[in-house]
1. May I ask you to list the lysines whose Cα is less than 27 Å away from that of K74, ignoring any residue fewer than eight positions away on the same chain?
2. Given the peptides 63-71, 246-254, 107-115, 223-231, arrange them by the average over their residues of other C-beta atoms within 10 Å, most packed first.
3. Given the DSSP H assignment, sum -39500 (n - 2.57) over each helix run of at least 4 residues in the chain and divide by its residue total; what's the result at 222 nm in deg cm²/dmol, nearest 500?
4. Which shape class applies to the chain: rounded if a/c is under 1.5, otherwise prolate when a/b exceeds b/c and oblate if not, where a ≥ b ≥ c are the square roots of the Cα gyration tensor eigenvalues?
5. HN-Hα J couplings of the range 102-112 from phi, Karplus 6.51/-1.76/1.60, θ = phi - 60°, integer Hz, Gly and Pro as x?
6. Could you list the residues of the range 97-112 with an amide nitrogen less than 17 Å from a label point located 7 Å from the Cα of D299 in the Cα-to-C-beta direction?
7. Each residue of the range 281-289 in order: what ³J(HN,Hα) in whole Hz does its phi give by Karplus 6.51 cos²θ - 1.76 cosθ + 1.60, θ = phi - 60°, with x for Gly and Pro?
8. If you wrap a convex hull around the Cα atoms of the range 13-118, how much volume per residue is inside, in Å³?
Amino acid sequence: MNTSDIDNFRLDMGSGGEAALAISIAIMMFAVALSLRPESFRFFKDQPRIYFAGVAGQLIGLPLITLALCFVLKPAASVALGMILVSCCPGGAVSNILALFGRANTALSVSLTATSSLFAAFLTPVSILFWSSLYPPTSQLLTEINLDIVNFLIQTLIILAIPLIIGMMIAHFAPKLAAKLQKPLAGLGAILLLLIIIVACWKFTPVYLALGLGLVGIVVLHNALAFITGYLFARAARADRPSRRAITLEVGIQNSGLGIVILLTQLSGLGGAGAIAGAWGAWHIVGGTALVLLYRWQDKQDRNKQDV
């Protein structure tokens with residue numbers, strides 16, 4: 001496959017495969033909703049400036065810097081769509097785990113993940129269409145695949161919003177049942193997410209071979225800019241060190257599994273987009289882990305200075 005053919009590559013999972021993907025993401029959203037409590041959003045009241053800095057960094061800052069990167073690098077249209085797709089996805093539970101190991105503000109991290117997950121059902125499909133329309137190659141690509149915008153919005157809303165609403169209702173009216181279901185479903189969701197990323201990486205092997213190191217470079221640069229964006233928004237809000245770390249990790253860790261599901265079920269399995277989302281799903285864990293190690297090294301250096 002030549003680089004010029006990437007935009008024309010389509011991965012057809014079949015109706016059965018697409019249904020399985022939709023069910024997988026519905027389970028993930030349902031598990032997230034079961035864990036949502038009023039205290040999940042306490043930073044909205046306790047420290048609104050820092051909270052909104054994290055929300056703005058993820059919902060506005062990351063898509064905006066992604067759009068700028070597309071104009072600078074001028075990648076293939078489907079690759080640019082993948083970059084925009086990932087930037088519009090919510091954060092994932094991985095950011096909460098990394099926040100814990102990185103001695104970040106885990107409560108803030110959980111609040112931001114809960115917020116982005118709640119917004120995802122309603123804002124993600126709209127955000128994808130909005131930011132994609134601002135970059136001519138991706139706007140033209142969506143036109144070429146005859147994307148039915150209304151159908152796209154309705155189907156994506158059904159996949160994301162219905163399990164979220166049902167899960168939140170159970171969490172509110174039957175908290176004991178929610179607590180009982182949440183852990184096993186969250187574990188199942190994590191396994192399904194991992195499988196989606198692995199299968200996507202394997203299925204898009206022809207695209208990886210065509211793009212080679214160029215795709216890896218795009219993903220690494222994009223992810224690095226995501227972390228930097230989170231850090232800058234946190235600095236602008238004058239957040240303390242643990243909160244800066246939480247926001248940095250939250251903006252840099254995206255639920256790319258959701259992006260892959262949207263791509264394969266709603267966007268014709270476009271080659272470059274799937275390759276980007278799959279590679280991002282693997283790389284952001286590497287990048288996030290490297291950042292955690294840096295944080296722990298900084299803490300060790302601070303302790304050594306205090307001991308002197």
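1. K74 reaches K203.
2. Taking the mean over residues of other Cβ atoms within 10 Å, the ranking is 246-254, 107-115, 223-231, 63-71.
3. Values: 15 runs with 248 residues, N = 308.
Result for the chain: -27000 deg cm²/dmol, rounded to the nearest 500.
4. Cα axes put the chain in the oblate bin.
5. In residue order, the calculated couplings are x, 6, 8, 7, 5, 5, 5, 4, 5, 4, 5 Hz.
6. It comes to 97-110, nothing else.
7. Once θ is set to phi - 60°, the couplings for the range 281-289 become x, 7, 6, 5, 6, 5, x, x, 5 Hz.
8. Working: hull volume 13.2 nm³, N = 106.
In the range 13-118, the Cα hull volume divided by residue count equals 125 Å³.
Where a number appears in this text, it was derived from the coordinates with a stated rule and is not lab data. Model, not experiment: these values are computed from the prediction. Note: ideal-geometry Cβ built from the backbone for every residue, glycine included; neighbour counts use all protein chains shown.
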